[in-house]
Amino acid sequence: MRMRAIVAGVVMMMAPLVAHAEAAFDHTAWDGLLKRYVATDGRVAYRDLAAHDQKTLDAYLGRLASAEIGGATTKATQAFWINAYNAGIVSAVLQGYTAENILRRRSIFRSFSFVVAGTSRTLDAIEHEILRPRFKDPRTHFALVCASSSCPKLRRGAYTGTSLDAALDEEARRFVNDRTRNTIDASSPSVALSAIFEWFADDFVADAGSVRAFVARHLGDEAHRAVVRDSGTPITYLDYDWTLNAQPGQRP
């Protein structure tokens, strides 16, 4: 009984610390913007956001700039950087950046920068120097949004550490099963995947053993899973549509 009491006491003492780490950064403002200005198809009402909530976005970016996340949990930290990336790219679009041609892609991903956690960072730095090497979670590729039509849909809510795994699983399933981003035909049979699976093949191989295995893991249709798993079915990759992911009439 005494040992149980001691254990219970330790758990009670640790609970506030865990809660504090998870609540180290509040993404409520970003969550509200996503719910107001992102449609169910992931497209963004950029003009409306700029007209009605630019100050809210700027305030959130200001909080990202001064954030101290050293005491946060691993999942909360991962969620922080995903949210920072997505908020940063929305801000970049509102400042006139797009990814619609090669030169513009270089500019938005490698030249545009904003301060996060006390350091000026590019979008490429957040993705390739922080998120990919530190967390080694290929599901992140379906959470980061490159402001383009072929990229994953922007989630209508902020990521949080407590629900991160469930959210990333959901986004991976949504992307893999989206026929506008991957086309799988069991009757042909044929498999044409998003270029994301070609560009970041090493990440999917490290996680699941192969691109095929990763895609099959998240497919909802058994016939499609069988086609993808069949090494005799060649995989091709679809052209990427870099046009801006704005709602109609909502280009800034």
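Structure notes:
- Filtering the stretch 39-49 to residues that are surrounded by fewer than 16 Cβ atoms within 10 Å (Cβ to Cβ) and either part of a helix (DSSP H, G or I) or of a type outside the set (Asp, Glu) (or both) leaves ALA39, THR40, ASP48.
- Test result for PHE214, of a type outside the set (S, T, N, Q), under 27 Å from SER91 (Cα atoms), in contact with a Pro (Cβ under 7 Å, 6 or more places away or on another chain) and assigned to a helix (DSSP H, G or I): no
Residue-wise test of (1) in the same structural domain as VAL228 (by TED's automatic domain parsing); (2) assigned to a helix (DSSP H, G or I); (3) of a type in the set (Val, Ile, Thr).
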{"residue": "GLU170", "(1), (2), (3)": "no, yes, no"}
{"residue": "ARG174", "(1), (2), (3)": "no, yes, no"}
{"residue": "VAL191", "(1), (2), (3)": "yes, no, yes"}
{"residue": "PHE197", "(1), (2), (3)": "yes, yes, no"}
{"residue": "ASP202", "(1), (2), (3)": "yes, yes, no"}
{"residue": "VAL205", "(1), (2), (3)": "yes, yes, yes"}
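- When we screen ALA195, ALA158, ALA223, ALA206 for residues that are surrounded by 15 or more Cβ atoms within 10 Å (Cβ to Cβ) and among the small types (Gly, Ala, Ser), the only hit is ALA158.
Residue-by-condition table, conditions (1) out of contact with any helix residue (DSSP H, G or I) (no Cβ under 7 Å at 6 or more places or on another chain); (2) at pLDDT 95 or above; (3) β-branched (Val, Ile, Thr):
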position	(1), (2), (3)
VAL18	yes, no, yes
ALA24	no, no, no
ALA29	no, yes, no
ASP58	yes, yes, no
GLN78	no, yes, no
TRP81	no, yes, no
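- Within the option set THR183, THR119, being touching a Leu at 6+ places or on another chain (Cβ under 9 Å), at negative phi and either in contact (Cβ under 8 Å) with a residue 40 or more places away in the chain or assigned by TED's automatic domain parsing to the domain that holds THR74 (or both) holds for one residue only, THR183.
- Matching residues in the stretch 209-220 - criterion: being in contact with a Lys or Arg (Cβ under 8 Å, 6 or more places away or on another chain) and surrounded by fewer than 18 Cβ atoms within 10 Å (Cβ to Cβ): ALA213, GLY220
- Residue pairs whose Cβ atoms lie under 8 Å apart, separated by 6 or more positions or on different chains, with the first residue in the stretch 65-86 and charged (D, E, K, R) and the second assigned to a helix (DSSP H, G or I), are LYS75/GLY161; LYS75/THR162; LYS75/LEU164; LYS75/ASP165.
- Look at the stretch 192-220: where a residue is in contact (Cβ under 8 Å) with a residue 60 or more places away in the chain and a partner is aliphatic (A, V, I, L, M), sitting 6+ places away or on another chain with Cβ atoms under 7 Å, you get PHE204/VAL211; PHE214/ALA208.
The values are calculated or read from the model by the stated rules, or taken from the named source; none is laboratory data. This structure is a prediction, so every number in the text was calculated from the model and none was measured. Ideal geometry is used to build each Cβ from the backbone, glycine not excepted, and the neighbour counts take in all protein chains shown.
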